[in-house]
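This report concerns only the one structure given below.
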Amino acid sequence: MSIIFVPMTPADTEDLIGFLTSNRFPFHVQATPQAADIRTKIEKGHFWNQDTQGYWVAKDDHRIGIVALEDLQEGDSPLFDLRLDEAQRGKGVGVEVLRALCDLVFESMPNMLRFEGQTREDNIAMRKTFLRAGFLKEAHYRLGWPTNDGGHVASIAYSILRQDWEDGTVTHFEWDDLKI
C-alpha cells in the first residue's frame, strides 16, 4: 500500500501527545518531548493553523508518524517537520514518505515552487533520505542547530524544485561560483 496523510485536528490532541511522548527524536531540538510542552504548542495552534498543517503519516492503515507542513502562508516554499515512529526507522520508509509528501505539496498547492526541509549534520540517515528522494543540499548553516546538551551542530537545508519533481531530475548549481 501507499503512504497517505490524514490531516490532524484538535480532536487528535491526546493521540498526538501520546505519539510524541512515546518516541525519542534524537536529532530534534527536544529529543524527548514532554506532554506539558506539547499541550502548550497545541493550545497555541501549532499543528493546525493558517500557516501550519499537521498530518498523521499512515501506511497499510497504520499510523507510522507525523509530519507538519509549515510556512504555508509565507510564500512559495513550505518547510516540513517529519517524525517517524521509532519502530519504523531504519527500514527505508523515509524515502517513500518524503516522495509522497512532495506529491501532496505539489499536487495540492499549485503555487509552491519549492519544498524544503532541514536536519542536523549528524543525522546521516535523513540526509541520505533527502538525496534519495530527489532533494538537493542548498545550505550548510554552521553551528545553526542547538543540541540537547547545550552545544550546537550544523543545520543542513535541502530542497526540491517543483520542476525537478515534475521531471524526475535534480537541478544542480555551482557552490563556488564566486572566486576572490
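The values are calculated or read from the model by the stated rules, or taken from the named source; none is laboratory data. Every value quoted in this text rests on a predicted model; they were computed, and no experiment measured them. Cβ coordinates were reconstructed from backbone atoms using ideal geometry, including for glycine residues, and neighbour counts include every protein chain displayed. All accessible areas refer to the heavy atoms of the entire protein, side chains included, with ligands and DNA or RNA removed. Shrake-Rupley method; radii C 1.70, N 1.55, O 1.52, S 1.80 Å.
If you scan segment 75-91, which residues turn out to be under 13 Å from the mean Cα position of the chain (by Cα), closer than 21 Å to Ser22 by Cβ and not hydrophobic (A, V, I, L, M, F, W, C)?
Asp81, Arg83
From the list Phe130, Phe106, which one is under 20 Å from Val57 (Cα atoms) and free of Cβ contacts under 8 Å to residues at least 60 places away in the same chain?
Phe130
Considering only residues that are open to solvent by 40 Å² or more (accessible area, probe 1.4 Å), of a type in the set (A, V, I, L, M) and under 17 Å from the mean Cα position of the chain (by Cα), which ones fall in segment 1-23?
Ile4, Val6
Being open to solvent by 60 Å² or more (accessible area, probe 1.4 Å) and either among the aliphatic types (A, V, I, L, M) or part of a strand (DSSP E or B) (or both) is the filter here; which residues of segment 143-169 pass it?
Once the filter is applied, which keeps residues that are open to solvent by 60 Å² or more (accessible area, probe 1.4 Å) and either among the aliphatic types (A, V, I, L, M) or part of a strand (DSSP E or B) (or both), segment 143-169 yields Leu143, His152.
Within segment 90-98, does at least one residue satisfy the condition of being closer than 19 Å to Ala11 by Cα and at pLDDT 95 or above?
The answer is no, given that none of the residues of segment 90-98 is closer than 19 Å to Ala11 by Cα and at pLDDT 95 or above.
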